[in-house]
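First comes the structure, then the notes that go with it.
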């Protein structure tokens, strides 16, 4: 009911701590993967250690799956947006929406914008 206090148990507290650790682990892994994709962006495909995958769609740019993490590199491969700058702007508007107040989503939006 509204206005009732929730009794926080030690088990609940531990679950929150475990979740926070998983989020931190994900942030580190996704950052490392994104950095490698960006570092290799201009290499020929056969030299890339993380290769783009075809999962459908053309507007999201290049897509990658690595260690179970899905990333998009917001470039305008097919001229949908009229250039890479416009594709990056579209991606940042989508992922940096002002209603996304969660700091983890903000971090994610920064990675997406940086990738663009």
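The values are calculated or read from the model by the stated rules, or taken from the named source; none is laboratory data. Since we're looking at a predicted model, the values are computed, not measured. Neighbour counts run over all protein chains shown; Cβ positions are idealised from the backbone, glycine included.
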Can you tell me which residues in segment 38-70 are touching a helix residue (DSSP H, G or I) at 6+ places or on another chain (Cβ under 7 Å) and loosely packed, with under 12 Cβ neighbours inside 10 Å?
-> 49, 67
Per the list (1) in contact with a strand residue (DSSP E or B) (Cβ under 8 Å, 6 or more places away or on another chain); (2) assigned to a helix (DSSP H, G or I), residue check on residue 41 breaks on (2)
Residue that is nearest to residue 41 (Cα to Cα) [pool: residues in segment 79-103 that are loosely packed, with under 11 Cβ neighbours inside 10 Å and modelled with pLDDT of 80 or more] | 79
Out of 5, 35, sole residue that is under 27 Å from residue 90 (Cα atoms) and either over 22 Å from the mean Cα position of the chain (by Cα) or surrounded by 10 or more Cβ atoms within 10 Å (Cβ to Cβ) (or both) = 35
